[in-house]
Amino acid sequence: MSFESALSIKFKLNNGIVAPAIALALAELFFEGVVKREDLFITTKVWPSMWNNPPRSVDESLKRLGLDYVDLVLQHFPLTFKADDNGNSLMDDDGQPIFDDGDYLITWKKLIELYKNGDKTDVVPLVNQVELHPSLPQVELVNFGKSKGIITEAYSRLGSGGAPLLKLPIIQTMTEKYGVSGADILINYHVKSGRLIVPRSLNVERVTNGYKSVDFSAEDLKTLDQEGIDHPKRYMSLRFAKVLTLNTGARRFLSIRIG
Ligand SMILES: NC(=O)c1ccc[n+]([C@@H]2O[C@H](COP(=O)([O-])OP(=O)(O)OC[C@H]3O[C@@H](n4cnc5c(N)ncnc54)[C@H](OP(=O)(O)O)[C@@H]3O)[C@@H](O)[C@H]2O)c1
């Protein structure tokens, strides 16, 4: 499915894709009046190879997207990679990024400087985007976020490529109980718990149809959490999951915080 058709159907969120085709598509859609900039929510991320220069990373994203602002800036994994002069990751012989000894907290501190023009350091992150689903409920992290007013945003809510979580017996049981699809169950698991999700689908029919609301009981939400407490499984590479993810938000996100 093209980026253009996704935008003209239901997706109004771009989670940090900065391919030149996206900039072209956006420019065309704005020009033709299909969508307005202010109706989109666009995220960009500081890649670990630019860990030491987040302002440059944000500028690069804006340039590549052809935009003058984004709605949310995330630190993309609390990791640091070695980089060439252009900020691209240096790779080892296996094609894997080479780690840098730098401290990833420097990225966070520099993002705070960017956010506050360098005059204050008391910024609490607005969003923490992590892998989260019934096989990895991250209950402690979610509760910690709640206690600090940090919104948790879930990625890989279906278990990533091929949507493996749809095959979990507990999801199939809930599917029968509520008369909806497995994807509906996995999305409502977050929405009904007050979390954001990053959806992904290349299938026009799925994007067009959207998702049904599920009126979960508190007990069923607990049962879904319990699945991952008893049988935890992470789908994203462990190489990237060594340390706690810490993300930050951009100024404009303040206006649409959820309660
Ligand atoms: N911050 C980070 O480090 C990080 C890491 C990973 C991902 N993310 C973000 O999170 C987004 C989503 O996560 P993800 O890509 O890992 O995977 P995901 O959303 O868990 O799953 C996507 C897969 O599910 C399928 N799918 C989508 N809707 C479906 C439905 N209704 N029924 C059945 N299958 C369905 C898709 O296939 P079809 O395309 O055929 O529909 C695709 O194979 C990514 O695009 C990315 O923006 C962020």
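Work out from phi, with θ = phi - 60° and the Karplus expression 6.51 cos²θ - 1.76 cosθ + 1.60, the ³J(HN,Hα) of each residue of segment 80-87, listed in order in whole Hz, and give x for Gly and Pro.
Ordered by residue, 3J(HN,Hα) equals 10, 10, 5, 9, 7, 5, 8, x Hz.
Please sort 124-133, 159-168 by packing, taking for each peptide the average over its residues of neighbouring beta carbons within 10 angstrom, highest first.
Ranking, from highest mean packing down: 124-133, 159-168.
Just check segment 77-146 against the gyration tensor rule for me: Cα atoms, a ≥ b ≥ c as the square roots of the eigenvalues, rounded for a/c under 1.5, and otherwise prolate or oblate depending on whether a/b exceeds b/c.
Oblate, because a/c is 1.5 or more while a/b does not exceed b/c.
Given a Förster distance of 30 angstrom, what is the FRET efficiency for ALA21 paired with ASP101, based on the Cβ-Cβ distance and rounded to 0.05?
Efficiency at R0 = 30 Å is approximately 0.25.
Report the full-extension gain for the segment PHE41 to GLU140: residue separation times 0.36 nm, less the Cα-Cα distance, to one decimal in nm.
32.8 nm
Shape call for segment 18-174 from the C-alpha gyration tensor, a ≥ b ≥ c root eigenvalues: rounded (a/c under 1.5), prolate (a/b greater than b/c) or oblate?
In terms of gyration-tensor shape, rounded.
For the pair LYS63 and MET236, how long in nm is the line joining their label points, each one 7 Å along Cα→Cβ?
2.7 nm
By per-residue mean of other Cβ atoms within 10 Å, what is the highest-first order of 76-85, 90-99?
So the order, starting with the most tightly packed, is 76-85, 90-99.
Considering amide H positions built from the backbone, and no H for Pro or chain starts, which residues 5 or more places from GLU131, or on another chain, come under 5 Å of its amide H?
TYR155
Taken together, the values in this text are just the output of simple stated rules run on the coordinates, not laboratory data. Note that the structure is predicted; figures quoted are calculated from it, not measured. Don't worry about glycine lacking a Cβ; one is built from the backbone with ideal geometry, like all the others, and counts go over all protein chains shown.
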